[in-house]
Amino acid sequence: MKTLKLFGILLMFAVVGTGFISCSEDYESRLPELLLKSVSFSTSESGSEEILLRNEDLTFYDIKSDQDWCYPSIDVKNSKIIIRVYANETYDDRTATITLSDIKDGKTTRTFTVSQAQMDWVELKGVNTFEAEMKGGTIEVPLKTNIGERYTVEIPSVASLWISVVSKTRGLEDRTLTLNVAKNNSGNVRDAIISVVYNDISVPVKIRQKFDPVFSLDVNSISIDENGGIFDILVNANITVDVYPEDDWVQKAGYEDLGEDQFVQKLKVLKFDEKKEERKCNVLFESAEKFGNNELRQYLTVTQYRHLFINEEEISVTVGDSLDLDEHLFNKDKLVLTWKSSDNDVVTVDAQGRIKAIAEGEANVTVTSKDGKHTDYVKIIVEKPKDLTKFLTCEWDTGKAITGKDTTYTVGCTISMDADGPGIVLKGYTFYNDSVAQMTVEWDGKYLGPNSSVSSTDVQLKKQKNYYIDWKYTYAMGEYTLRYSMDKKVTITKNEKPAATRRNAARSRRR
């Protein structure tokens with residue numbers, strides 16, 4: 001009986017053992033059936049990703065990475081695989097292989113990959129300041145980058161008027177950013193800072209463009225006649241130029257921009273009616289800004305000339321006088337002329353410019369070129385002649401010196417004009433003794449006005465015998481001689497020139 005019980009127990013163990021052996025041999029891992037996929041981290045930053053394997057029992061699974069920057073783990077409770085990565089501080093993408101093993105059967109494995117993006121980077125290769133020529137052109141900015149052409153270039157709005165991108169050209173690669181720089185017409189050196197930008201990376205690049213000032217005038221002098229007008233000066237300049245005429249008869253009258261570093265400055269010259277041959281004005285053209293220590297400036301000389309004028313504003317004559325105005329005429333180009341009096345009852349004028357005083361009064365005598373372009377006039381004042389014997393007086397100043405038996409006489413004379421008298425111009429004097437000239441003195445013109453006097457030089461005589469002095473003077477365009485005699489008598493005589501002499505003198509003075 002005992003033997004039977006023992007047999008039964010042994011049989012039961014045999015059956016159970018056979019059942020265990022049969023169960024182990026029947027185990028099939030589900031690992032090949034799991035939906036696993038590669039994991040990709042699109043940035044270089046640290047992070048984690050989860051793979052959810054819903055309702056899967058991950059108790060007997062093990063997971064490993066072949067890279068220490070990637071560390072996977074299994075969340076058995078939630079049926080998850082968790083992948084964590086450290087930040088990628090290299091300039092390359094990187095990949096890790098993850099191995100998932102079934103430790104229950106000891107042989108089933110699955111692998112998948114985890115990739116992580118590079119640390120994106122852009123930097124300048126060398127200096128960060130680049131200089132462009134004034135005429136413009138291209139600048140090549142060398143870069144080191146691992147993002148290809150995925151960066152952008154930010155250019156300030158002001159600088160975008162003269163800087164533009166031509167082209168943009170993983171370890172880091174050498175790339176070239178090519179910029180186009182326009183010609184510098186700004187009038188000075190100019191700078192800009194542009195930025196090469198990618199995500200949070202911003203690399204500043206300084207661009208400096210040279211400027212070489214150009215400044216010249218097409219001419220440095222001009223001539224214009226008395227009629228004036230507006231004329232153009234061509235200025236070659238790539239800078240701002242200020243214009244300063246030194247006299248108010250030359251004025252700025254606007255300008256015209258021709259482009260290509262040229263403009264026309266317009267200048268207005270006023271009419272020239274002064275009675276002189278010419279006048280000059282310097283016009284300063286000056287750069288508005290300094291370039292270094294240099295001040296850029298140019299001068300233009302404006303010469304305005306008269307073709308024709310009478311060199312007197314007014315002329316006083318007495319009734320009956322005649323006068324050649326041709327003697328007072330400036331005729332630069334020997335123009336053919338016409339003459340005209342505004343009042344023939346006072347003054348007449350002939351075709352040669354000779355006037356005749358007819359009656360007391362005033363008249364304008366005008367001279368005009370035959371083409372009518374040039375003209376001038378003079379006021380003629382006709383007066384009744386004054387009897388100067390009422391206003392002129394003379395006085396002798398005499399003396400003597402005795403040496404032994406010899407006696408020397410000294411004689412001088414003073415001529416005076418009364419306070420109510422007119423002005424005259426003394427031309428000189430001659431001393432006579434017994435009708436023989438002893439001394440002659442000539443002056444270009446010595447004015448004797450009202451209430452004034454002029455004295456002669458003393459003359460020495462061995463004997464006094466009917467001496468006298470002749471004073472020469474002009475009055476109201478006439479020439480006169482005042483004789484003052486030894487017996488203190490005054491005689492005034494008007495000097496008349498022969499007609500032929502007057503004509504010859506006039507011709508010799510014509511221009």
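Values quoted throughout were computed directly from the atomic coordinates according to the rules given, and no laboratory measurement underlies them. Note that the coordinates shown come from a computational prediction; the quantities given were computed from them, not determined experimentally. With ideal geometry, Cβ positions are generated from the backbone for all residues, glycine too; neighbour counts draw on all protein chains shown.
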Checklist line | Point-charge dipole on Cβ atoms (K/R +1, D/E -1) for segment 215-303, about Cα centre, debye to 20 | finding: 200
Check: Which one of Ala359, Val319, Ser369 has its Cα pushed farthest toward the positive end of the charge dipole of segment 308-383, where Lys and Arg give +1 and Asp and Glu give -1 at the Cβ?
Finding: Ser369
Next item on the list: In whole Hz, with x marking every Gly and Pro, tabulate ³J(HN,Hα) for segment 335-343 from phi via Karplus 6.51 cos²θ - 1.76 cosθ + 1.60, θ = phi - 60°.
Entry: 5, 6, 10, 10, 10, 8, 9, 7, 8
Checklist line | Charge-dipole axis of segment 197-345 as Lys and Arg at +1 and Asp and Glu at -1 on Cβ define it, positive-most pick from Leu335, Trp249, Ile201 | finding: Ile201
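How high is the relative contact order of segment 287-438, in percent, with contacts defined as C-alpha pairs under 8 Å that are six or more residues apart?
Working: 248 pairs, mean separation 27.2, N = 152.
Relative CO of segment 287-438 lands at 18 percent.
Under the rule a/c < 1.5 gives rounded, and otherwise a/b versus b/c splits prolate from oblate, where does the chain land using the Cα gyration tensor?
On the way: a/c = 8.25, a/b = 5.28, b/c = 1.56.
It comes out prolate by the Cα gyration axes.
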Margin query: Here is the link list: Lys356/Lys446; Lys125/Lys206; Lys340/Lys379; Lys427/Lys489; Lys275/Lys373. Which ones come out longer than 19 Å on Cα distance?
Written below: Lys356/Lys446; Lys427/Lys489
Check: So who's got an amide H within less than 5 Å of the one on Val153, skipping anything under 5 residues away but keeping other chains? H placed 1.01 Å off N, in plane.
Finding: Val197
Margin query: Among Tyr432, Phe285, Gly187, whose Cα projects farthest towards the positive end of the dipole of the chain, with charges put on the beta-carbon of Lys, Arg (+1) and Asp, Glu (-1)?
Written below: Tyr432
Notebook entry, point to check: Mean separation of Cα pairs under 8 Å and 6+ residues apart, divided by the residue count of segment 388-498: what relative contact order is that in percent?
Noted result: 26
Notebook entry, point to check: Karplus couplings for segment 89-98 from phi (6.51 cos²θ - 1.76 cosθ + 1.60, θ = phi - 60°), rounded to Hz, Gly and Pro as x?
Noted result: 9, 9, 8, 10, 5, 9, 9, 10, 9, 9
Check: If amide H atoms are built 1.01 Å from N in the plane of the peptide, which residues on other chains or at least 5 residues away come under 5 Å of the amide H of Val39?
Finding: Thr113, Val114, Ser115
Item checked: Relative contact order (%) - criterion: Cα under 8 Å, at least six apart; region: segment 174-321 -> 22
Checklist line | About the Cα centre, charge dipole magnitude for the chain (Lys/Arg +1, Asp/Glu -1 at Cβ), debye | finding: 1700
Notebook entry, point to check: Which value, in Å³ per residue, describes the convex hull spanned by the Cα atoms of segment 308-383?
Noted result: 69
Next item on the list: Could you check what % of the DSSP bridge pairs in the chain are antiparallel, to the nearest 5?
Entry: 90
Check: Got a sec to turn the phi values of segment 321-332 into Karplus ³J(HN,Hα) couplings, 6.51 cos²θ - 1.76 cosθ + 1.60 with θ = phi - 60°, whole Hz, x for Gly and Pro?
Finding: 6, 10, 8, 8, 5, 4, 5, 10, 9, 9, 10, 3
Next item on the list: Determine the sum of side-chain charges near Thr348: Lys and Arg each +1, Asp and Glu each -1, restricted to other residues whose C-beta is under 11 angstrom from that of Thr348.
Entry: 0
Next item on the list: Under 1.5 on a/c is rounded, so check that first for segment 388-498, then, if it is not, pick prolate when a/b is larger than b/c and oblate when it is not; a ≥ b ≥ c are the square roots of the alpha carbon gyration tensor eigenvalues.
Entry: prolate
Margin query: Give me, ordered by chain and number, the residues 5 or more places off Tyr475 or on other chains with an amide H under 5 Å from its own placed amide H.
Written below: Tyr480
